[in-house]
Amino acid sequence: MGGEWRVLVVVVIVLIFPLDIYCYSEIEIKNWCSQTPYPAPCEEFLKTKATTKRSPIATKSHFFEILVETALERAVSARQNALSLGPKCRNSKERTAWTDCVDLYDQIITRLNRTVDRCTPVDAQTWLSAALTALETCRTGLEELGVSAFGYPLTANNVSKLISDGLSVNKPASPEGFEPPTMEDGFPTWVRPGDRRLLQSGSPKANVVVAQDGSGNFKTVKEAVAAAKGGGRFVIYVKAGVYSENVEINAKNVMLIGDGIGKTVITGSRSVGGGSTTFRSATVAVDGDGFIARDITFRNTAGAKNHQAVALRSGSDLSVFYRCGFEGFQDTLYVYAERQFYKQCDIYGTVDFIFGNAAVVIQDCNIIARDPPNKTITVTAQGRSDPNQNTGISIHNCRITSAGGLSGVKAYLGRPWRQYSRTVVMKSSIGGFISPAGWMEWSGNFALNTLYYGEYMNTGPGASTANRVKWKGYRVITSAAEASKFTVGNFIAGGSWLPSTGVPFTSGL
């Protein structure tokens with residue numbers, strides 16, 4: 001009797017409100033979804049998507065909007081499913097991986113919401129790229145801790161495919177998807193004038209001071225960060241000293257200023273070997289947009305034996321690191337997602353020590369290889385998993401050197417962490433410790449045809465391309481026009497945001 005009554009209610013509702021619901025026709029859904037890399041989930045979810053909008057899908061931008069809204073709905077549902085899995089965690093590893101995935105779904109929802117709220121095509125591609133990276137990161141954490149079977153419900157959905165469909169529909173006309181240069185005084189223009197003054201000032205005024213001796217407002221960086229509310233620029237001056245703490249920065253527009261590389265040091269020791277995920281191992285993790293750091297060292301002391309151990313992770317859009325140090329071994333600098341710029345920094349490590357899936361330019365930096373226990377060095381491991389993500393690592397005018405003591409070591413500029421890995425080394429000095437082959441396989445033939453690895457006008461004893469790998473995806477760049485796609489001006493549209501930070505930069509080649 002109860003079952004019959006529920007059926008009758010549903011029928012009545014449908015009869016009363018049929019005019020308030022419009023469903024896209026099967027033909028138009030099939031026509032539009034056939035243009036995406038994953039038409040099946042596209043059709044499945046659009047067929048069930050009811051909307052009060054009466055107009056058919058008439059334009060590409062309208063279709064893109066519907067795709068992103070659908071991906072957002074599915075992501076919200078996936079997060080609810082993830083929360084329901086929490087009480088089922090049976091041990092610390094499952095709990096650790098589950099916590100990461102819930103936080104990562106929050107990131108996905110935030111980025112999809114931004115994209116729905118109207119933005120430029122470049123912003124949309126950046127935020128969709130970051131959302132897809134967050135899903136990949138959830139999967140990676142489950143694999144690292146050996147709990148993939150437990151976490152299968154966290155990733156067994158079509159959110160990633162819907163995001164990939166959105167990336168495909170929104171992709172720019174040019175094959176590499178870069179904007180023309182928009183630079184000002186050697187900085188991307190997204191750096192606001194006030195931020196530029198802060199970076200160039202000898203002693204910028206701080207909102208709060210951190211000092212271990214009690215002479216400031218706080219004794220720990222974590223306490224100072226907690227005081228930032230995420231409005232206008234919030235400047236934290238951290239006096240010289242070694243601060244042993246793990247710090248997460250979620251507020252927007254935070255700026256950390258220290259007394260110099262090696263003088264102000266934030267250090268931690270989390271690692272995959274110690275039970276963390278790579279994502280959660282970071283000594284300092286930044287997710288709030290517009291982050292700036294100057295004259296500080298970020299360090300992870302877990303050591304090479306503990307495998308992945310991040311000194312700094314940045315998922316901060318339009319973030320800048322100026323005269324900073326990054327010290328670790330495997331996976332030192334995690335350029336996780338979004339648009340980032342590094343200038344006059346020192347980056348130390350052994351294996352994959354610059355890695356992630358941001359759109360990042362590393363300029364005028366010292367990239368310093370340490371002696372690895374397994375006698376193999378890989379400088380980069382770029383994580384682009386979709387051909388339409390506007391991400392990659394661009395190393396420009398840097399010095400790739402070693403810390404010495406590399407007897408019997410084989411060293412490479414990078415290896416492909418994901419299918420469409422993209423890394424370019426331009427106008428840099430490459431030390432003789434780098435293997436003549438230049439680049440290393442990740443696993444057999446994986447990604448060798450789909451990656452994009454390029455070298456342009458490099459110098460030094462390790463710069464010869466005569467005996468480089470013969471992969472389809474590798475190229476010696478001879479055209480300035482092709483190389484310029486990976487400059488600050490083009491690759492991260494630096495001219496639109498960097499000038500306001502005050503960090504000096506070179507826009508073009």
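The values are calculated or read from the model by the stated rules, or taken from the named source; none is laboratory data. What you see is a predicted model; the values in this text were computed from it and never measured. Note: ideal-geometry Cβ built from the backbone for every residue, glycine included; neighbour counts use all protein chains shown. These accessible areas exclude ligands, DNA and RNA; they are computed on the full protein's heavy atoms, side chains included. Shrake-Rupley method; radii C 1.70, N 1.55, O 1.52, S 1.80 Å.
What's the whole-number percent of alpha carbon pairs in segment 243-282 lying beyond 17 angstrom? Display every interim value, and only then the final one.
Numbers: 367 of 780 pairs.
Tail of the P(r) past 17 Å holds 47 percent of the pairs.
With an 8 Å Cα cut-off and a minimum separation of 6 or more residues, compute the relative contact order for the chain in percent.
Values: 1316 pairs, mean separation 65.8, N = 509.
Over the chain, the number comes to 13 percent.
Please give the net charge around Glu136, taking every other residue with its beta carbon less than 11 angstrom from that of Glu136, where Lys and Arg add +1 and Asp and Glu add -1. Walk me through the intermediate numbers first.
On the way: positive: Arg139, Arg384, Arg418; negative: Glu143, Asp386.
Net of charged neighbours comes to +1.
Net charge near Ala369: determine it from the other residues with C-beta under 13 Å of the C-beta of Ala369, scoring Lys and Arg +1 and Asp and Glu -1.
0
Percent antiparallel among DSSP beta bridges with both residues in the chain, to the nearest 5?
Counting DSSP beta bridges with both partners in the chain, the antiparallel share is about 5 percent.
Run the dipole for segment 216-321 about the Cα centre, Lys and Arg Cβ at +1, Asp and Glu Cβ at -1, nothing else charged, and hand back the magnitude in debye, nearest 20.
Dipole size: approximately 180 debye.
Which order, highest average first, do 221-231, 152-162, 392-402, 334-344 follow once you tally other Cβ atoms within 10 Å for each residue and take the mean per peptide?
Result, highest mean first: 334-344, 392-402, 152-162, 221-231.
Could you let me know the centre-to-centre spacing of segment 372-434 and segment 68-108, using Cα atoms, in angstrom?
Cα centres, segment 372-434 to segment 68-108: 32 Å.
Please compute the per residue accessible area over the chain with all protein chains in place, 1.4 Å probe, rounded to a whole number of Å².
Computed with neighbouring chains in place, this is 40 Å² per residue.
Probe radius 1.4 Å, ligands and nucleic acids ignored: give me the carbon and sulfur share of the accessible area of the chain as a rounded percent.
Values: 10790 of 20250 Å².
Looking at the chain in its full context, I get 53 percent from C and S.
Using just the alpha carbons, could you tell me how many Å³ per residue the convex hull of segment 369-427 encloses?
80
Provide the descending list of Cα extents for segment 413-489 along its principal axes, expressed in whole angstroms.
Each principal axis gives a Cα extent; for segment 413-489 these are 30, 29, 18 Å.
Using helices alone, what [θ] at 222 nm do you get for the chain, with -39,500 (n - 2.57) per DSSP H run of 4 or more residues, divided over all residues and rounded to the nearest 500?
Using -39500 (n - 2.57) per qualifying helix, the result is -9000 deg cm²/dmol.
Using alpha carbon centroids, what distance separates segment 451-495 and segment 327-344, in Å?
So the two Cα centres are separated by 20 Å.
Going by average Cβ density within 10 Å per residue, which order do the peptides 67-73, 213-219 take, highest to lowest?
Most protected by this proxy first, the peptides run 67-73, 213-219.
With mean projected area of the Cα convex hull in nm² defined as stated, name the option among (i) 42.3; (ii) 24.7; (iii) 26.9 computed from the structure displayed.
Here mean projected area of the Cα convex hull in nm² agrees with entry (iii).
Can you say what percent of the DSSP beta bridges in segment 385-463, counting only those with both residues inside, are antiparallel? Round to 5.
Around 0 percent antiparallel, to the nearest 5.
Taking the Cα centre of the chain as origin, sum charge times position over the Cβ atoms of Lys and Arg (+1) and Asp and Glu (-1), and report the length of that vector in debye to the nearest 20.
600
Using mean Cβ contacts within 10 Å as the protection proxy, how do 488-497, 233-242 order, highest first? Show your work: numbers first, answer last.
Working: 488-497: 27.1, 233-242: 19.8.
Put in order of decreasing packing, that is 488-497, 233-242.
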